[in-house]
Each structure stands twice: as C-alpha cells, then as structure tokens.
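The structure under discussion appears below in the form of structure tokens.
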Amino acid sequence: MSEAAYHQIRTGPSGPPPGCPVDHSSFRPLSAEYVADPYPTAARLREETPVVFAEDLGYVVVSRMADVTEVFMNPDVYSSENVQDPVFPLCDEAAAILADPEFDPVAVMSNRQEPDHGRIRQYTKKGFSNRRNKVLEPYIRRRAGELIDEMIAGGPPADFVAAVANPLPGEVVFRFMGFPESDDAQLKEWCGDRLAFSWGRPTPDEQVEIATKMVAYWKYVREFTARKRDQPGDDLASELLADHEANPDDLTYREVESILYGLSFAGHEPVTLYLGNALLTLLPRREVWDAMCADPAVVPLAMEEVIRWNSPQVGWRRVTTEDTTLGGVDIPAGTQVFLNLGAANHDPAVFEDPERYDLERSNARQNISFGKGNHYCLGAMFARLEANAIMETLTQQLPSMRLVHDQQVTRFPNITFRGPSRLDVTWDG
C-alpha cells in the first residue's frame, strides 16, 4: 500500500521507550473483563501510571485529560495517520485482497495530516451545515417513529439494537451521502465489520471476509460517485463533486470518493453504540428517564452526560512524528500512542465525583469523546442532533420502556468503540 493509502500496516518501536513505565498484563483492552467495564482499569492507570507502555497492546497509553488534550492539540508531533489502520498485522491472504489495484482509497480526514487535512476538511465541513441538519431531522424523526412502531407491533421483549439503534443511523448517513434506499441492506452488509478490521483482532478467516467486503464496497462507492456526476441531487456526494469541479486541483476526484468511503462507517456505527449505551445508562435511573419523558428539553442534558460517563468511544490513536516528552516520559519518534478517552472522561481533575452519572453536571460537555483541536469530530453536532431526536421520539412513544432483567450484555471486543451488540428491552403492553 502507498503512503497515501487509507489503511496501512505500520510498525513502530517494538518495545517500551527507555524510562517509560511498563504495564505487563493488566491493560488488555480486548479482554472480556475490560470490554465489559473499562473504567476501573482506566482509573488505576490514570492515577498510578498516567503514561505507560502497555505490553499486551504495544502502545504507550495516555490516561489523564491534560495529557490527552496535549496530544490532540499538537498534531504536528502526534500524527493522526494511524487511526484507521489495523491494530494487529493482517494475514497474507487478507493483505493480498486489499492489494487489489482497484482498491485505492486515499487518506482524507481523520487519518490525513496537515496541510492536506485542513484543505479537505473545508469542503467536507460545508456538508455538515445547519441547513443539512434541518433537512434530515424530519427524516430522522419519521424513521425513528416507524421503526419504534414496528418494534412495538412485534410485542415485548425486543432487541433495541436490531430494531432501532442499528438500522436507523445507517439509513440516516446513507441519505446524507445520497445513497439510494434500495441499496441499504447491501451497504450495511459491506460496512458491518469495520470495528473488527481497524480496532479488533479478527481471525484470519474473518480478515479475509472483511477485506472482501471492503473491496466490494469501495468499488460500489466509485460507481456511485461516477453516477452522481451525471445525476446530482441534494446530498453530500453532489456537493463534494460540485466543489471538485470548481476546484479540481484543490479537491481531487479520488479524495471525493474516499470521503464517501470513510463516512459510511464513521457516520453511523458510533451513533448505534451511543444509543445502546444511553438506554443502559438511563433506563435503570427511572427519575432521569421519567424526566426525559415529561420534558423533551431534558433529553440533550441527559444524553451529553451519557457521552461523558458511558462513552461510545473510549480510545483513539496517534503516532509520534518526532522525539517528544509527554507527562514527564520521553517518547521517541514512531511510537504508537493510545489515548485512553474513557479514563480522561472520568478524570477528577476535570469532573467532580466523576464515577457518578449526574444529570445536573454543568461541565459534561467538556468530555473528550469527540476529540479536540483540528481533528475534532466533524459530525459531532450531527451525531448529537440525531441521537437526541431518536431519544425524544422513543421517550414519547415508549415511556414505560425498561431493560429486561438479568440479560447478559455483549459488546464486540475492540480497543476504540464500546456499546452493546444486543440490548433486550420490554414495556407495558
């Protein structure tokens, strides 16, 4: 793969930086214990070894809010170019599939360095406008109502993830981009395993299956983009193509294709996890849930504290471009860095009594889940609008909703995103 490739296989220093504390076994982000509840381990690291080399992962782990913020605010030293890359090496067969000459998306947003990141971002940012939000919000509320009605018609109990949280965010981002509704099922099939590819540890057989889907999806995106040139509409793809036509040397055609390729995952999987985490957090707290049902104005407050307290994104990555010092630890160039967002979001230096979910928390929005600095999540405002609209609809239609007792909540093991893969709920008939 070329240096500009969207996904790369990287190797950095094989061991801990000289003088860096080493965690030999306790930080294992793919372990069942950590996936179930990362916060006790996160708190211990933050308080005892806030900058530490995790032997199991092969990354330097950074856990204090101040240090995580420093990394985000210094993109020239801490590059984002590794954020979409597989954490662990791919098997030869999967690597061969991705070596297909026709599979050639380029890094564009989260994994592109300056000055190119800023150049591309100015065009993509226009797509996440207030006008676009206003256009999509009625669709979000209508589809949320329809899917909730279908879930109710099936009778309790129901899997909320399968019924609402999984299908709806995908449909929303596909409408945002301009993909036709008739392709939704196929698109979800192709995009469904990116958690495993970039942030998990899939088996060789799973790697091959995922790689095959990624190549098929990229080819679909290229064909779709070509059609959009001749049949533009009111969607992000058409806007980006218009910008390319007006500024072909500033925004390339391949970059337009690659933006659409990348947004398919980034635009919906985190929202799916966010909705599941919200119900896990809010339904047991009936005073909060009842307040949301009684007054929709409470929903944004409740959901923002969910982002901090039970975030759908508990980690992110960087790689150092030069020798540097962080939290008193010297780190050489080429070191892979894991930003422990879950630990930072529970940092008592920023949040009073951080382990408590607090609807009245005045600084909940200081959470770091969407990043900070020049790579602050472009879709943060849209994700909040979408999740709040869905939750408002849900609280109005199903105020008696509650979790099914004694269920075993499962989550897909990966180092970055966190949320239930299934969530059984019930309600009064």
Within the range 128-187, residues assigned to a helix (DSSP H, G or I), surrounded by fewer than 18 Cβ atoms within 10 Å (Cβ to Cβ) and touching a residue at least 60 places away in the same chain (Cβ under 8 Å) come out as Arg132, Asn133, Val135, Glu137, Arg141, Gly145, Asp149, Ile152, Ala162
Can you run down the residue pairs with Cβ atoms below 9 Å, 6 or more apart or on separate chains, where the first is in the range 74-101 and among the aromatic types (Phe, Trp, Tyr) and the partner is assigned to a loop (DSSP other than H, G, I, E, B) and at pLDDT below 90?
none
Residue hits (the range 195-212; closer than 20 Å to Val35 by Cβ, of a type in the set (Ser, Thr, Tyr) and part of a helix (DSSP H, G or I)) are Ser198
Going residue by residue through the range 216-231, is there one that turns out to be in a loop (DSSP other than H, G, I, E, B) and surrounded by fewer than 17 Cβ atoms within 10 Å (Cβ to Cβ)?
yes
Anything in the range 108-127 that is within 19 Å of Val83 (Cβ to Cβ), without any contact (Cβ under 8 Å) to a residue 12 or more places away in the chain and in a helix (DSSP H, G or I)? List them, or say none.
Asp116
Hits in the range 32-78 - residues which are surrounded by fewer than 16 Cβ atoms within 10 Å (Cβ to Cβ), more than 19 Å from His346 (Cα to Cα) and of a type in the set (A, V, I, L, M)
Ala32, Met73
Answer residue from the range 392-416, given it is among the hydrophobic types (A, V, I, L, M, F, W, C) and assigned to a loop (DSSP other than H, G, I, E, B) and is farthest from Tyr59 (Cα to Cα) among those
Leu398
Filtered residues of the range 328-345 (kept if crowded, with 19+ Cβ neighbours inside 10 Å and either over 19 Å from the mean Cα position of the chain (by Cα) or not in a loop (DSSP other than H, G, I, E, B) (or both))
Val329, Ile331, Thr335, Gln336, Val337, Phe338, Leu339, Leu341, Gly342, Ala343, Ala344, Asn345
Just one listed residue, out of Val83, Val62, is under 23 Å from Thr325 (Cβ atoms), modelled with pLDDT under 95 and of a type in the set (Val, Ile, Thr), and it is Val83
Could you grab me the full set of residues in the range 359-371 that are surrounded by fewer than 16 Cβ atoms within 10 Å (Cβ to Cβ) and not in a helix (DSSP H, G or I)?
Glu360, Ser362, Asn363
For Val71, state whether it is modelled with pLDDT of 95 or more, more than 24 Å from Thr410 (Cα to Cα) and not acidic (Asp, Glu).
yes
Can you pull out every residue in the range 224-280 that is of a type in the set (Ser, Thr, Tyr), under 18 Å from Arg132 (Cβ atoms) and at pLDDT 95 or above?
Ser238
Residue satisfying condition, being over 22 Å from Gly379 (Cβ atoms), at pLDDT 90 or above and over 21 Å from the mean Cα position of the chain (by Cα), within set Glu114, Glu48
Glu48
For the range 190-207, the count of residues that are under 19 Å from Pro105 (Cα atoms) and either polar (S, T, N, Q) or surrounded by fewer than 18 Cβ atoms within 10 Å (Cβ to Cβ) (or both) equals 3
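The values are calculated or read from the model by the stated rules, or taken from the named source; none is laboratory data. Everything quoted here is computed from the prediction, not taken from an experiment. In this analysis, Cβ positions are derived from the backbone assuming ideal geometry, glycine residues included, and neighbour counts consider all displayed protein chains.
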